[in-house]
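Student: One structure coming up, written as C-alpha coordinates, with questions to follow.
The values are calculated or read from the model by the stated rules, or taken from the named source; none is laboratory data. Quick caveat: nothing in here was measured; it's all calculated off a predicted structure. Cβ: placed from backbone, ideal geometry, glycine included. Neighbour counts: every protein chain shown. With ligands, DNA and RNA removed, areas are computed over all heavy atoms of the protein, side chains included. Shrake-Rupley method; radii C 1.70, N 1.55, O 1.52, S 1.80 Å.
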Amino acid sequence: MDFALSEELHALQETVRRLAQEKIKPRAREIDLTGEYPEDIFQEFRKADLLGLCIPEEYGGSGAGILGLTIAIEEVTKYSNVLGLMLLLTRLPTGPVMIAGTEAQKLDYLPGIAAGTQRAAFCLSEPGAGSDVAGMSTHVIDDPEVSGGVLLNGTKCWISGGMQADWLVVFAKSGDPSARHHQNIGGYLVRTDAEGVTRPRVDKKMGVKGIDTTEIVFDRVKIAPAQIIGGGFALAMQSLNAMRPIVAARGIGLAEGALMYAAEYVKSRAAFGKTIAEFQGIQWEIAKCATEIEAARLLTYRAAWLADQGKFTKEY
Ligand SMILES: Cc1cc2nc3c(=O)[nH]c(=O)nc-3n(C[C@H](O)[C@H](O)[C@H](O)COP(=O)(O)OP(=O)(O)OC[C@H]3O[C@@H](n4cnc5c(N)ncnc54)[C@H](O)[C@@H]3O)c2cc1C
(Lines give C-alpha, C1' and ligand atoms only; values in the text may rest on other atoms or scores of the structure.)
Protein backbone atom coordinates (compact mmCIF):
# COMPACT_ATOMS: atom_id res chain seq x y z
CA MET A 1 0.00 0.00 0.00
CA ASP A 2 1.45 3.36 -1.06
CA PHE A 3 -0.27 6.58 -0.03
CA ALA A 4 2.20 8.85 -1.85
CA LEU A 5 1.14 10.51 -5.08
CA SER A 6 3.11 9.48 -8.16
CA GLU A 7 5.72 11.94 -9.39
CA GLU A 8 3.41 13.00 -12.25
CA LEU A 9 0.42 13.58 -9.96
CA HIS A 10 2.57 15.47 -7.49
CA ALA A 11 3.83 17.74 -10.30
CA LEU A 12 0.24 18.23 -11.48
CA GLN A 13 -0.82 19.23 -7.96
CA GLU A 14 2.02 21.78 -7.75
CA THR A 15 1.19 23.24 -11.18
CA VAL A 16 -2.52 23.62 -10.44
CA ARG A 17 -1.84 25.00 -6.96
CA ARG A 18 0.34 27.73 -8.48
CA LEU A 19 -2.20 28.52 -11.20
CA ALA A 20 -4.97 28.68 -8.59
CA GLN A 21 -2.99 31.10 -6.41
CA GLU A 22 -1.85 33.32 -9.27
CA LYS A 23 -4.89 33.38 -11.59
CA ILE A 24 -7.94 32.16 -9.71
CA LYS A 25 -7.57 33.66 -6.25
CA PRO A 26 -7.53 37.25 -7.59
CA ARG A 27 -10.54 36.61 -9.91
CA ALA A 28 -12.85 34.49 -7.74
CA ARG A 29 -14.82 37.25 -6.01
CA GLU A 30 -15.36 39.20 -9.23
CA ILE A 31 -16.72 36.11 -11.03
CA ASP A 32 -19.13 35.53 -8.16
CA LEU A 33 -20.28 39.16 -8.22
CA THR A 34 -20.77 39.54 -11.98
CA GLY A 35 -21.93 35.98 -12.72
CA GLU A 36 -20.24 36.25 -16.12
CA TYR A 37 -18.73 33.14 -17.70
CA PRO A 38 -14.97 33.27 -16.89
CA GLU A 39 -13.64 32.71 -20.41
CA ASP A 40 -10.21 34.04 -19.36
CA ILE A 41 -9.78 31.21 -16.85
CA PHE A 42 -11.02 28.64 -19.38
CA GLN A 43 -8.16 29.85 -21.60
CA GLU A 44 -5.71 29.55 -18.66
CA PHE A 45 -6.85 25.95 -18.15
CA ARG A 46 -6.42 25.32 -21.88
CA LYS A 47 -2.88 26.78 -21.90
CA ALA A 48 -1.95 24.67 -18.87
CA ASP A 49 -3.35 21.52 -20.57
CA LEU A 50 -5.87 20.91 -17.81
CA LEU A 51 -8.94 20.34 -19.99
CA GLY A 52 -8.00 16.81 -21.00
CA LEU A 53 -6.84 15.42 -17.66
CA CYS A 54 -9.41 12.63 -17.61
CA ILE A 55 -9.20 11.91 -21.34
CA PRO A 56 -6.83 9.13 -22.46
CA GLU A 57 -3.75 10.13 -24.44
CA GLU A 58 -4.95 8.37 -27.60
CA TYR A 59 -7.86 10.86 -27.73
CA GLY A 60 -5.75 13.95 -27.11
CA GLY A 61 -5.87 14.05 -23.31
CA SER A 62 -3.12 13.67 -20.76
CA GLY A 63 -4.45 10.44 -19.23
CA ALA A 64 -4.20 11.67 -15.64
CA GLY A 65 -7.51 9.94 -14.97
CA ILE A 66 -10.18 10.59 -12.40
CA LEU A 67 -7.50 10.84 -9.70
CA GLY A 68 -5.61 13.52 -11.65
CA LEU A 69 -8.80 15.48 -12.21
CA THR A 70 -9.77 15.06 -8.54
CA ILE A 71 -6.44 16.53 -7.43
CA ALA A 72 -6.71 19.45 -9.87
CA ILE A 73 -10.30 20.24 -8.87
CA GLU A 74 -9.41 20.14 -5.18
CA GLU A 75 -6.70 22.79 -5.73
CA VAL A 76 -8.89 25.04 -7.88
CA THR A 77 -11.92 24.82 -5.59
CA LYS A 78 -9.92 26.09 -2.62
CA TYR A 79 -10.47 29.47 -4.27
CA SER A 80 -13.48 29.03 -6.56
CA ASN A 81 -16.24 26.44 -6.62
CA VAL A 82 -17.40 27.49 -10.08
CA LEU A 83 -13.94 26.99 -11.59
CA GLY A 84 -13.89 23.51 -10.05
CA LEU A 85 -17.15 22.99 -11.93
CA MET A 86 -15.49 24.19 -15.14
CA LEU A 87 -12.95 21.36 -14.85
CA LEU A 88 -15.64 18.89 -13.75
CA LEU A 89 -17.47 19.60 -17.02
CA THR A 90 -14.55 18.11 -18.96
CA ARG A 91 -15.56 14.73 -17.53
CA LEU A 92 -19.35 14.78 -16.94
CA PRO A 93 -20.39 14.72 -20.63
CA THR A 94 -17.31 12.83 -21.88
CA GLY A 95 -17.91 10.02 -19.37
CA PRO A 96 -20.70 8.29 -21.34
CA VAL A 97 -18.60 8.51 -24.52
CA MET A 98 -15.57 6.98 -22.78
CA ILE A 99 -17.63 4.28 -21.07
CA ALA A 100 -19.90 3.17 -23.92
CA GLY A 101 -19.10 5.18 -27.06
CA THR A 102 -17.85 3.65 -30.30
CA GLU A 103 -14.27 4.24 -31.39
CA ALA A 104 -15.53 6.73 -34.00
CA GLN A 105 -17.51 8.65 -31.35
CA LYS A 106 -14.45 8.82 -29.09
CA LEU A 107 -12.34 10.15 -31.96
CA ASP A 108 -15.04 12.66 -32.94
CA TYR A 109 -15.97 14.04 -29.54
CA LEU A 110 -13.06 13.70 -27.08
CA PRO A 111 -10.08 15.50 -28.70
CA GLY A 112 -11.97 18.82 -28.96
CA ILE A 113 -12.67 18.78 -25.23
CA ALA A 114 -9.03 18.01 -24.40
CA ALA A 115 -7.82 20.78 -26.74
CA GLY A 116 -10.33 23.32 -25.41
CA THR A 117 -11.83 23.93 -28.86
CA GLN A 118 -15.14 22.34 -27.82
CA ARG A 119 -17.28 22.34 -24.69
CA ALA A 120 -20.01 19.93 -23.73
CA ALA A 121 -22.81 19.32 -21.24
CA PHE A 122 -24.64 16.34 -19.74
CA CYS A 123 -28.43 16.31 -20.07
CA LEU A 124 -30.18 13.90 -17.74
CA SER A 125 -32.48 15.91 -15.44
CA GLU A 126 -35.94 17.06 -16.42
CA PRO A 127 -38.55 19.23 -14.73
CA GLY A 128 -40.38 16.04 -13.66
CA ALA A 129 -37.42 13.66 -13.32
CA GLY A 130 -34.45 14.39 -11.05
CA SER A 131 -33.50 11.55 -8.69
CA ASP A 132 -36.11 9.45 -10.49
CA VAL A 133 -34.13 9.09 -13.71
CA ALA A 134 -36.41 6.38 -15.13
CA GLY A 135 -39.29 8.86 -14.87
CA MET A 136 -37.86 10.91 -17.75
CA SER A 137 -40.19 11.78 -20.61
CA THR A 138 -37.64 12.90 -23.22
CA HIS A 139 -37.86 10.28 -25.93
CA VAL A 140 -36.91 9.34 -29.45
CA ILE A 141 -39.05 8.08 -32.31
CA ASP A 142 -37.87 6.56 -35.59
CA ASP A 143 -36.81 9.07 -38.22
CA PRO A 144 -38.89 8.17 -41.29
CA GLU A 145 -36.21 9.71 -43.54
CA VAL A 146 -33.09 7.98 -42.18
CA SER A 147 -32.71 4.26 -41.67
CA GLY A 148 -31.58 3.68 -38.07
CA GLY A 149 -31.88 7.40 -37.29
CA VAL A 150 -34.24 8.88 -34.69
CA LEU A 151 -35.95 12.17 -33.81
CA LEU A 152 -35.42 13.51 -30.28
CA ASN A 153 -38.18 15.30 -28.34
CA GLY A 154 -38.26 16.64 -24.80
CA THR A 155 -37.00 19.19 -22.28
CA LYS A 156 -33.97 18.94 -20.01
CA CYS A 157 -33.29 21.36 -17.17
CA TRP A 158 -30.55 22.57 -14.79
CA ILE A 159 -27.91 21.68 -17.38
CA SER A 160 -24.56 23.01 -16.17
CA GLY A 161 -22.55 24.67 -18.91
CA GLY A 162 -25.45 24.23 -21.34
CA MET A 163 -25.07 27.77 -22.73
CA GLN A 164 -21.41 27.27 -23.66
CA ALA A 165 -21.77 23.69 -24.87
CA ASP A 166 -21.01 22.77 -28.48
CA TRP A 167 -22.39 19.28 -27.98
CA LEU A 168 -24.53 17.42 -25.48
CA VAL A 169 -25.02 13.91 -24.21
CA VAL A 170 -28.80 13.63 -23.89
CA PHE A 171 -30.45 10.71 -22.14
CA ALA A 172 -33.79 9.72 -23.64
CA LYS A 173 -36.18 6.80 -23.91
CA SER A 174 -37.09 4.82 -26.97
CA GLY A 175 -40.56 3.31 -27.16
CA ASP A 176 -43.33 4.33 -24.76
CA PRO A 177 -42.11 7.34 -22.70
CA SER A 178 -44.36 6.36 -19.78
CA ALA A 179 -42.76 2.89 -19.51
CA ARG A 180 -39.91 2.43 -17.02
CA HIS A 181 -37.90 -0.24 -18.86
CA HIS A 182 -34.23 0.38 -18.06
CA GLN A 183 -32.99 -0.96 -21.38
CA ASN A 184 -35.09 1.63 -23.29
CA ILE A 185 -33.00 4.51 -21.91
CA GLY A 186 -29.90 5.54 -23.80
CA GLY A 187 -27.43 8.33 -24.50
CA TYR A 188 -27.55 10.42 -27.69
CA LEU A 189 -24.91 12.86 -28.95
CA VAL A 190 -26.42 16.15 -30.07
CA ARG A 191 -24.74 19.26 -31.49
CA THR A 192 -26.21 22.40 -29.96
CA ASP A 193 -26.42 24.06 -33.38
CA ALA A 194 -28.64 21.25 -34.70
CA GLU A 195 -32.07 22.27 -35.94
CA GLY A 196 -34.68 21.91 -33.19
CA VAL A 197 -32.31 22.57 -30.25
CA THR A 198 -33.16 25.70 -28.23
CA ARG A 199 -31.99 27.09 -24.90
CA PRO A 200 -34.89 29.30 -23.83
CA ARG A 201 -33.68 30.30 -20.38
CA VAL A 202 -31.03 30.08 -17.69
CA ASP A 203 -31.73 29.72 -13.97
CA LYS A 204 -31.18 32.47 -11.43
CA LYS A 205 -28.90 30.63 -9.02
CA MET A 206 -28.03 31.47 -5.42
CA GLY A 207 -24.39 30.45 -5.81
CA VAL A 208 -21.79 28.82 -8.09
CA LYS A 209 -22.27 31.84 -10.33
CA GLY A 210 -20.37 32.17 -13.61
CA ILE A 211 -21.50 28.90 -15.17
CA ASP A 212 -25.23 28.90 -15.71
CA THR A 213 -27.63 26.02 -15.50
CA THR A 214 -29.87 25.98 -18.56
CA GLU A 215 -33.12 24.62 -19.85
CA ILE A 216 -32.68 22.88 -23.20
CA VAL A 217 -35.57 21.96 -25.48
CA PHE A 218 -35.39 19.32 -28.23
CA ASP A 219 -38.04 19.49 -30.93
CA ARG A 220 -37.77 16.67 -33.48
CA VAL A 221 -33.97 16.90 -33.49
CA LYS A 222 -32.50 14.55 -36.08
CA ILE A 223 -30.08 12.00 -34.61
CA ALA A 224 -28.03 9.98 -37.09
CA PRO A 225 -27.14 6.36 -36.22
CA ALA A 226 -23.53 7.48 -35.59
CA GLN A 227 -24.77 9.77 -32.77
CA ILE A 228 -26.45 7.00 -30.78
CA ILE A 229 -24.51 5.75 -27.74
CA GLY A 230 -27.28 3.66 -26.17
CA GLY A 231 -26.09 2.06 -22.95
CA GLY A 232 -29.38 1.79 -21.05
CA PHE A 233 -30.19 3.17 -17.61
CA ALA A 234 -26.91 1.60 -16.43
CA LEU A 235 -24.89 4.03 -18.55
CA ALA A 236 -26.52 7.03 -16.86
CA MET A 237 -25.80 5.54 -13.43
CA GLN A 238 -22.24 4.46 -14.25
CA SER A 239 -21.46 7.87 -15.72
CA LEU A 240 -22.57 9.47 -12.46
CA ASN A 241 -20.81 6.87 -10.29
CA ALA A 242 -17.48 7.50 -12.00
CA MET A 243 -18.00 11.21 -11.29
CA ARG A 244 -18.54 10.93 -7.53
CA PRO A 245 -14.87 11.45 -6.52
CA ILE A 246 -14.74 14.53 -8.75
CA VAL A 247 -17.83 15.97 -7.10
CA ALA A 248 -16.34 15.14 -3.68
CA ALA A 249 -13.12 16.94 -4.67
CA ARG A 250 -15.11 20.17 -4.87
CA GLY A 251 -16.37 19.63 -1.33
CA ILE A 252 -12.85 18.98 -0.07
CA GLY A 253 -11.39 21.97 -1.90
CA LEU A 254 -14.10 24.22 -0.47
CA ALA A 255 -13.48 22.91 3.05
CA GLU A 256 -9.71 23.40 2.66
CA GLY A 257 -10.28 26.93 1.40
CA ALA A 258 -12.50 27.70 4.39
CA LEU A 259 -9.90 26.25 6.77
CA MET A 260 -7.17 28.27 5.09
CA TYR A 261 -9.09 31.54 5.56
CA ALA A 262 -10.05 30.60 9.14
CA ALA A 263 -6.44 29.73 10.06
CA GLU A 264 -5.26 33.10 8.72
CA TYR A 265 -8.03 35.00 10.48
CA VAL A 266 -7.52 33.51 13.95
CA LYS A 267 -3.86 34.51 13.82
CA SER A 268 -4.73 38.15 13.15
CA ARG A 269 -7.88 38.62 15.28
CA ALA A 270 -7.04 39.75 18.81
CA ALA A 271 -9.23 39.40 21.91
CA PHE A 272 -8.43 39.54 25.62
CA GLY A 273 -4.87 40.65 24.84
CA LYS A 274 -3.96 37.70 22.55
CA THR A 275 -4.74 36.48 19.07
CA ILE A 276 -7.68 34.09 19.21
CA ALA A 277 -5.39 31.41 17.70
CA GLU A 278 -3.79 31.21 21.14
CA PHE A 279 -7.02 30.01 22.78
CA GLN A 280 -7.20 26.25 23.04
CA GLY A 281 -10.92 26.15 22.22
CA ILE A 282 -10.17 27.70 18.80
CA GLN A 283 -7.20 25.36 18.24
CA TRP A 284 -9.46 22.36 18.87
CA GLU A 285 -11.95 23.52 16.25
CA ILE A 286 -9.22 24.11 13.67
CA ALA A 287 -7.67 20.70 14.41
CA LYS A 288 -11.07 18.97 14.19
CA CYS A 289 -11.73 20.57 10.82
CA ALA A 290 -8.27 19.58 9.49
CA THR A 291 -8.79 15.99 10.68
CA GLU A 292 -12.17 15.69 8.97
CA ILE A 293 -10.75 17.09 5.73
CA GLU A 294 -7.88 14.59 5.82
CA ALA A 295 -10.30 11.69 6.32
CA ALA A 296 -12.55 12.89 3.49
CA ARG A 297 -9.54 13.36 1.20
CA LEU A 298 -8.30 9.81 1.77
CA LEU A 299 -11.77 8.40 1.04
CA THR A 300 -12.07 10.53 -2.10
CA TYR A 301 -8.62 9.63 -3.45
CA ARG A 302 -9.34 5.95 -2.88
CA ALA A 303 -12.67 6.24 -4.70
CA ALA A 304 -10.88 8.03 -7.58
CA TRP A 305 -8.22 5.32 -7.66
CA LEU A 306 -10.95 2.66 -7.86
CA ALA A 307 -12.79 4.59 -10.59
CA ASP A 308 -9.59 4.73 -12.66
CA GLN A 309 -9.55 0.93 -12.58
CA GLY A 310 -13.11 0.84 -13.90
CA LYS A 311 -14.42 -0.16 -10.48
CA PHE A 312 -17.41 2.16 -10.36
CA THR A 313 -20.20 -0.33 -10.91
CA LYS A 314 -22.52 -1.43 -8.11
CA GLU A 315 -20.34 -4.48 -7.32
CA TYR A 316 -17.79 -2.14 -5.73
C1 LIG B 1 -26.39 23.61 -9.52
C2 LIG B 1 -26.99 22.42 -10.20
C3 LIG B 1 -26.41 21.93 -11.35
C4 LIG B 1 -26.96 20.83 -12.01
N5 LIG B 1 -26.39 20.39 -13.17
C6 LIG B 1 -26.97 19.36 -13.84
C7 LIG B 1 -26.44 18.91 -15.10
O8 LIG B 1 -25.42 19.42 -15.60
N9 LIG B 1 -27.08 17.90 -15.74
C10 LIG B 1 -28.18 17.30 -15.24
O11 LIG B 1 -28.71 16.39 -15.88
N12 LIG B 1 -28.72 17.70 -14.04
C13 LIG B 1 -28.14 18.71 -13.34
N14 LIG B 1 -28.67 19.12 -12.14
C15 LIG B 1 -29.86 18.46 -11.63
C16 LIG B 1 -29.58 17.55 -10.44
O17 LIG B 1 -28.86 16.44 -10.83
C18 LIG B 1 -30.92 17.22 -9.81
O19 LIG B 1 -31.23 18.36 -9.04
C20 LIG B 1 -30.89 15.99 -8.96
O21 LIG B 1 -30.91 14.86 -9.78
C22 LIG B 1 -32.07 15.94 -7.99
O23 LIG B 1 -33.26 16.08 -8.68
P24 LIG B 1 -34.39 17.12 -8.20
O25 LIG B 1 -33.74 18.44 -7.97
O26 LIG B 1 -35.53 17.03 -9.15
O27 LIG B 1 -34.84 16.60 -6.78
P28 LIG B 1 -35.87 15.44 -6.48
O29 LIG B 1 -35.48 14.21 -7.18
O30 LIG B 1 -37.26 15.96 -6.69
O31 LIG B 1 -35.62 15.27 -4.93
C32 LIG B 1 -36.16 16.18 -3.97
C33 LIG B 1 -35.85 15.66 -2.59
O34 LIG B 1 -36.44 14.36 -2.40
C35 LIG B 1 -35.45 13.43 -2.01
N36 LIG B 1 -35.72 12.14 -2.64
C37 LIG B 1 -35.88 11.88 -3.96
N38 LIG B 1 -36.09 10.57 -4.16
C39 LIG B 1 -36.04 9.98 -2.95
C40 LIG B 1 -36.18 8.63 -2.49
N41 LIG B 1 -36.40 7.63 -3.35
N42 LIG B 1 -36.06 8.40 -1.18
C43 LIG B 1 -35.84 9.41 -0.30
N44 LIG B 1 -35.70 10.70 -0.67
C45 LIG B 1 -35.81 10.99 -1.97
C46 LIG B 1 -34.13 13.99 -2.51
O47 LIG B 1 -33.03 13.54 -1.73
C48 LIG B 1 -34.35 15.49 -2.33
O49 LIG B 1 -34.07 15.89 -1.02
C50 LIG B 1 -28.12 20.21 -11.47
C51 LIG B 1 -28.69 20.69 -10.30
C52 LIG B 1 -28.15 21.78 -9.66
C53 LIG B 1 -28.80 22.28 -8.40
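Student: When you look at residue 287, is it away from the ligand (no atom under 16 Å from the Cβ), outside the structural domain of residue 90 (by TED's automatic domain parsing) and more than 30 Å from residue 151 (Cα to Cα), yes or no?
Tutor: Considered against the rule, which asks whether it is away from the ligand (no atom under 16 Å from the Cβ), outside the structural domain of residue 90 (by TED's automatic domain parsing) and more than 30 Å from residue 151 (Cα to Cα), residue 287 comes out as yes.
Student: Turning to a different aspect of this structure: Please find, within the range 106-115, the residue that is nearest to the ligand (Cβ to nearest atom) out of those that are of a type in the set (A, V, I, L, M) and buried (at least 21 other Cβ atoms within 10 Å of the Cβ).
Tutor: Among them, the one singled out is 113.
Student: Taking the stated definitions as given, is residue 131 touching a Leu at 6+ places or on another chain (Cβ under 7 Å) and open to solvent by 10 Å² or more (accessible area, probe 1.4 Å)?
Tutor: The answer is no for residue 131.
Student: Another one. How many residues are over 28 Å from residue 99 (Cα atoms), open to solvent by 20 Å² or more (accessible area, probe 1.4 Å), touching a residue at least 12 places away in the same chain (Cβ under 8 Å) and part of a loop (DSSP other than H, G, I, E, B) when one looks only at the range 12-69?
Tutor: 5
Student: If you go through the range 164-192, how many residues are within 13 Å of residue 133 (Cβ to Cβ), of a type in the set (A, V, I, L, M, F, W, C) and in contact with an Asp or Glu (Cβ under 9 Å, 6 or more places away or on another chain)?
Tutor: Residues that pass the stated criteria total 0.
Student: For residue 194, indicate whether it is touching a Lys or Arg at 6+ places or on another chain (Cβ under 8 Å) and under 19 Å from residue 162 (Cβ atoms).
Tutor: So residue 194 fits the description; yes.
Student: Scan the strands (runs of 3 or more DSSP E) fully inside the range 116-235 and keep the ones with 3 or more residues being within 12 Å of the ligand (Cβ to nearest atom).
Tutor: Per the criteria, 120-123, 150-160, 167-174, 213-223.
Student: So which residues in the range 233-268 are closer than 26 Å to residue 82 by Cβ and open to solvent by less than 20 Å² (accessible area, probe 1.4 Å)?
Tutor: If the condition is that a residue be closer than 26 Å to residue 82 by Cβ and open to solvent by less than 20 Å² (accessible area, probe 1.4 Å), then 236, 239, 242, 243, 245, 246, 249, 252, 253, 257 are the ones that fit.
Student: Same structure, new question: Give 27, 18, 46 a once-over and let me know the one that is over 21 Å from the mean Cα position of the chain (by Cα) and modelled with pLDDT of 95 or more.
Tutor: 18
Student: May I ask you to verify whether residue 271 is open to solvent by less than 60 Å² (accessible area, probe 1.4 Å), modelled with pLDDT of 95 or more and either more than 27 Å from residue 136 (Cα to Cα) or not assigned by TED's automatic domain parsing to the domain that holds residue 75 (or both)?
Tutor: Answer is yes for this residue.
Student: For the range 274-316, how many residues meet the condition of being of a type in the set (Phe, Trp, Tyr), surrounded by fewer than 14 Cβ atoms within 10 Å (Cβ to Cβ) and either touching a Cys at 6+ places or on another chain (Cβ under 7 Å) or over 30 Å from residue 239 (Cβ atoms) (or both)?
Tutor: Here the count works out to 1.
Student: Can you pull out the residues in the range 89-105 that are open to solvent by less than 10 Å² (accessible area, probe 1.4 Å) and in a helix (DSSP H, G or I)?
Tutor: Selection gives 94, 95, 96, 97, 105.
Student: Is there a residue in the range 198-208 that is modelled with pLDDT of 95 or more, open to solvent by less than 50 Å² (accessible area, probe 1.4 Å) and of a type in the set (Ser, Thr, Tyr)?
Tutor: no
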